[in-house]
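What follows is a single structure, written as structure tokens, with notes after it.
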Amino acid sequence: MKKMFIIVDDRTLDCFVTKKIIEKIDEIQGVKIYDSAIETIHDIKSGNLHYEGLTVVFLDIMMPVMDGFQFVEEFETLPLNIQSKFKIIGMTTSLDNNDFQKILGYSSIIGLLRKPFDVNQINEILNEIVEYE
């Protein structure tokens with residue numbers, strides 16, 4: 001089944017690189033890029049991001065205004081029928097193990113990628129999604 005991908009990252013270069021890596025995946029319906037977690041959560045809440053099938057969100061955990069942690073906290077307050085349409089993968093350049101443990105502690109986070117990453121690392125996480133479906 002084809003998946004929709006959303007990239008949420010305040011750094012333009014990181015968005016570009018992540019999009020190029022995602023485009024190497026076979027089961028791609030499309031890629032949407034946001035530079036703001038606030039705008040992304042707003043679009044999820046308003047129904048603007050409801051696609052057929054699963055939507056995979058690549059979420060930078062260190063962003064200004066609303067960081068990835070705050071995004072996930074707000075996301076997890078949404079009704080389960082909305083949450084179930086999205087799988088969130090955290091992304092970071094951080095080397096802080098506390099950040100890793102904190103983000104992986106959220107039930108909606110299915111994986112964490114340390115930048116830079118490659119298509120093989122994404123496929124490993126996506127293969128785990130298929131096993132759960």
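Taken together, the values in this text are just the output of simple stated rules run on the coordinates, not laboratory data. Treat the numbers as computed from the prediction; the structure is a model and nothing was measured. No Cβ is skipped: glycine too gets one built from the backbone with ideal geometry, and neighbour counts run over all protein chains shown.
The magnitude of the dipole of the chain, with charges of +1 and -1 set on the Cβ of Lys/Arg and Asp/Glu and taken from the Cα centre, is near 220 debye.
Translational D (Stokes-Einstein, µm²/s) of the chain at 4 °C and 1.567 mPa s when Rh comes from the Kirkwood sum over C-alpha pairs? This corresponds to a translational diffusion coefficient of 88 µm²/s.
For each pair in LYS2/LYS32; LYS32/LYS102; LYS24/LYS85; LYS45/LYS115; LYS3/LYS45, compute the distance between the two Cα atoms and list the pairs where it is over 24 Å.
Values: LYS2/LYS32 14 Å; LYS32/LYS102 26 Å; LYS24/LYS85 22 Å; LYS45/LYS115 28 Å; LYS3/LYS45 19 Å.
Flagged as over cut-off: LYS32/LYS102; LYS45/LYS115.
Remark: relative contact order (the chain) = 23 percent; criterion is Cα-Cα distance under 8 angstrom and separation of 6 or more residues.
Which helices of the chain meet both criteria: a Cα extent of 30 Å or more along the helical axis and a mean Kyte-Doolittle score no lower than -0.5, with helices taken as whole DSSP H segments? Helices meeting the criterion: none.
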